[in-house]
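Here's the structure, in structure tokens; my notes come after.
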Amino acid sequence: MSMSSGDVEFEDSHEAEPESSEFERLYSQSLKSFQKGSLVKVRVLRVQSNAVLVDLGYKSDGIIPVEQFAPEELASLKPGDELEVFLEEAEDSRGNLILSREKAKKLQAWDDLNAAYQNGTVLKGRVLSRIKGGLMVDIGVPAFLPGSQIDIKPVRDLDQYLGQVLDLKIIKMNSGRGNIVLSRRALLESAQNVRKEALLAGLVEGTSVSGIVKNVTDYGVFVDLGGIDGLIHVTDMSWGRIGHPSALFKPGDTVEAIVLKFDREKQKISLGLKQRSPDPWLSAAERYPVGSRVHGKVTSLAEYGAFVELEHGVEGLVHVSEMSWTQKIKHPSKIMAVGDTVAAQVLAVDPAAKRISLGIRQVGPNPWDTIGQRYPVGSTVEGKVRTITDFGAFVGIEEGIDGLIHISDMSWTRHVKHPSDLLKKGQTARAVVLNIDAQKQRISLGIKQLSPDPWDKDIPARYPVGQDETVKVAKKTDFGLFVELEFGIEGLIPLSEIPRDSAEIKEGDTVTARILKVDRGERKVALSIKAHIKGQDKASLKEFMKQQEKFDTSIGSLMKDRGN
């Protein structure tokens, strides 16, 4: 028997037909097994140019148009192959079953996807396009991959995934609506957790680990070790000084570090980079003994000094006070800059505190060692007044070396209230070297020592005790009168030596007083108006007595002449 449907021809069947009652029974059972909308398995009979004939075990063969097969699948089909098809209609008007391979594959795909969803199976999916909120992915059917589920960290550029085949997992599925939501992040997190557990299990303090710099902060860098972060504190990056971690690291760098401390409960890991090499400070005292000469590069400047790198991890400090024998350095930038190579001498080494004190001035000769030879005590020097203070004036006698003229060494006789009364900044001054303290780097000078001290001879000779002097009142005080004398000195008439009737004396008046005392040690001259007046009275009485004596002598002579 042969049957046809459309352009498809059926081969003759040589099997004998069953009896009518048996045929009806089998037909009835076949109708029950081939329900509309069900999947059935078939066997390929023949592949033709426009259709594939299949055997369902039904009274007639099935026909599937070739358009429902993928080219590669159609090319591989051969008689005897089994297929799964979808029964769209139990029978058409001609008694043929209407089958769909395409729908069968879709149903099978949904069944497979549902099983994958239930079992958490990893699927392969090709990214088709970018849509709002994520990506559209082909996993046999179109599915949605949200942007938040692409990676563990936020992804800004979604276009980079177009055309890529990704490992994915179904996290939400609605077969009725045909909606599937995928996640790549879930797989990455799962893999990360596996690596994390493996890392934690094998983590031991003192061992070396490798990771990727994740974040750089002011106090250190965080390193991703594979699911767990470790911190390299700035103090554990180098044996030397570090200005900022960004000078050594940037995100994405690969770094090898040592596990310093591991808190398994809190999952905190402290890492160290400098611990990969021995601490250079342990043998610094042997390599840089006190008194040795060294060379190094200036790494940074501060108001108090300059840091000089002697080797990687070892720096020394040149304090501003150790930069010059003669100059007063206010800031290191006046004589050096970052990057300069300088020669210095080791002054002190403290390995425990990781400190080396250096001196630049010690590399050259100390001019103060020979200052006494160039300027012996008693010699006369000349220089410009550099600075004037309340207590004296500094005079430059050579480059970087100043001598101090104290206010007490400016005049033998004059009471100097302020050095500016005699000296001005910038003027040239001559002075005598009075004292040199090379250790403290001090030279004492004096101007008054250029001439003899008038208090030794001149003043006592000029103002002998008991001599009366007519003087001008310079200042009136509660305790007496200061009067002007020669040599630029002042004399004092104490209040007790001023008569009461002289209370109207005022500054600028001229008075006569007697020298009472000349004190060389205190450099004072004391006078008295009372002594002057009293002296005058005594002189008058003496003159009167002298005149009286002369008168008596004259009278006696006259009387004698008359008696004769």
In the range 508-530, what residues are within 14 Å of V473 (Cβ to Cβ) and at pLDDT below 90? I529
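Any chance you could count how many residues in the range 414-449 are part of a strand (DSSP E or B) and free of Cβ contacts under 8 Å to residues at least 40 places away in the same chain? Quick ask: steps written out before the conclusion?
Step one: of the range 414-449, the residues part of a strand (DSSP E or B) are 428-437, 442-446.
Then keep just the ones that are free of Cβ contacts under 8 Å to residues at least 40 places away in the same chain; that gives 437, 442.
Selection size over the range 414-449: 2.
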Under 8 Å between Cβ atoms, which residue pairs at least 6 apart in sequence (or on different chains) link something in the range 222-242 that is farther than 15 Å from P280 by Cβ with a partner that is among the acidic types (D, E) and part of a loop (DSSP other than H, G, I, E, B)? V234/D218
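Within the range 470-496, work out how many residues are of a type in the set (S, T, N, Q) and under 20 Å from W412 (Cα atoms). Give the derivation first.
Start the filter on the range 470-496 by keeping residues that are of a type in the set (S, T, N, Q), which leaves 470, 477, 496.
Next, from what is left, pick out any that are under 20 Å from W412 (Cα atoms): none.
Count: 0.
Please go through the range 338-358 and pick out each residue that is over 14 Å from A284 (Cα atoms) and either buried (at least 18 other Cβ atoms within 10 Å of the Cβ) or outside the structural domain of Y304 (by TED's automatic domain parsing) (or both).
The first filter runs over the range 338-358 and keeps only residues over 14 Å from A284 (Cα atoms), leaving 338-345.
Residues satisfying the conditions are V342, A344, Q345.
Can you work out which of the residues in the range 39-82 that are among the acidic types (D, E) and part of a strand (DSSP E or B) is surrounded by the fewest Cβ atoms within 10 Å (Cβ to Cβ)? Before you say what the answer is, go through the steps one by one.
Let us first name the residues in the range 39-82 that are among the acidic types (D, E), namely 55, 61, 67, 72-73, 81-82.
Still in the list and also part of a strand (DSSP E or B): 55, 82.
Working: D55: 15, E82: 9.
Checked the range 39-82; the qualifying residue surrounded by the fewest Cβ atoms within 10 Å (Cβ to Cβ) is E82.
I'd like to verify a number: residues in the range 165-192 that are in a helix (DSSP H, G or I) and either at pLDDT below 80 or of a type in the set (G, A, S) (or both), how many?
Within the range 165-192, the first condition is being in a helix (DSSP H, G or I), and the residues that meet it are 185-192.
Among the residues that remain, those that are also either at pLDDT below 80 or of a type in the set (G, A, S) (or both) are: 186, 190-192.
Total meeting the criteria: 4.
Restricting attention to the range 411-460, which residues are of a type in the set (G, A, S), modelled with pLDDT under 90 and over 17 Å from E490 (Cβ atoms)?
Just the residues of the range 411-460 that are of a type in the set (G, A, S), to begin with: 411, 420, 426, 429, 431, 438, 444, 446, 451.
Remaining after also requiring modelled with pLDDT under 90: 411, 438, 451.
Those that are of a type in the set (G, A, S), modelled with pLDDT under 90 and over 17 Å from E490 (Cβ atoms): A438, S451.
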Considering only residues that are of a type in the set (D, E, K, R) and over 18 Å from the mean Cα position of the chain (by Cα), look in the range 292-323 and name the one that is farthest from L282 (Cα to Cα). E322
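The values are calculated or read from the model by the stated rules, or taken from the named source; none is laboratory data. The shown structure was predicted, so the numbers you read here are calculated from the model rather than taken from an experiment. Glycine also receives a Cβ, built like all others from the backbone with ideal geometry; neighbour counts cover every protein chain displayed.
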